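One structure below.
The values are calculated or read from the model by the stated rules, or taken from the named source; none is laboratory data. Everything quoted here is computed from the prediction, not taken from an experiment. Note: ideal-geometry Cβ built from the backbone for every residue, glycine included; neighbour counts use all protein chains shown.
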Amino acid sequence: MLKISIQDNANHRSLVVEGKLIAPWAAELSSACARATADLQGREFIIHLKNLTAISEDGENVLLELMKTGVRFRASGVFTKHVVKRLAREIHRNDQEAKR
């Protein structure tokens, strides 16, 4: 099960993501992000990964694609922080290889 909550204020919109980021819910996160970013009106968009108990390959792929578009992440928990850092390193490494 995946829980996605929206938090809005004058400066930013946040999606709080909790539970298992696995298929088919990984696709739901992608859809929720598309809906949430449609009317930001200049506000920052942040995804809070909180209390995730599982992240499948599908989930990692969605996170990777969102990172490539410039979405900022905040992660809690050792497991989730590790996955986010690994994906960020992968993007950085791919960017460095593309510059060569």
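Below are the figures for this structure:
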item: For T69: the one exception among (1) under 19 Å from A34 (Cβ atoms); (2) touching a helix residue (DSSP H, G or I) at 6+ places or on another chain (Cβ under 7 Å); (3) of a type outside the set (D, E); (4) surrounded by fewer than 14 Cβ atoms within 10 Å (Cβ to Cβ); result: (2)
item: In the stretch 57-100, the residues that are among the small types (G, A, S) and assigned to a helix (DSSP H, G or I); result: G59, A88, A98
item: Residue that is surrounded by the most Cβ atoms within 10 Å (Cβ to Cβ), among those in the stretch 1-27 that are of a type in the set (G, A, S) and part of a strand (DSSP E or B); result: S14
item: Members of the stretch 28-44 that are small (G, A, S) and surrounded by 13 or more Cβ atoms within 10 Å (Cβ to Cβ); result: S30, A32, A36
item: Every pair of residues 6+ apart whose Cβ atoms lie under 8 Å, when the first sits in the stretch 69-98 and is farther than 29 Å from N11 by Cβ while the second is modelled with pLDDT of 95 or more and part of a helix (DSSP H, G or I); result: E90/L64
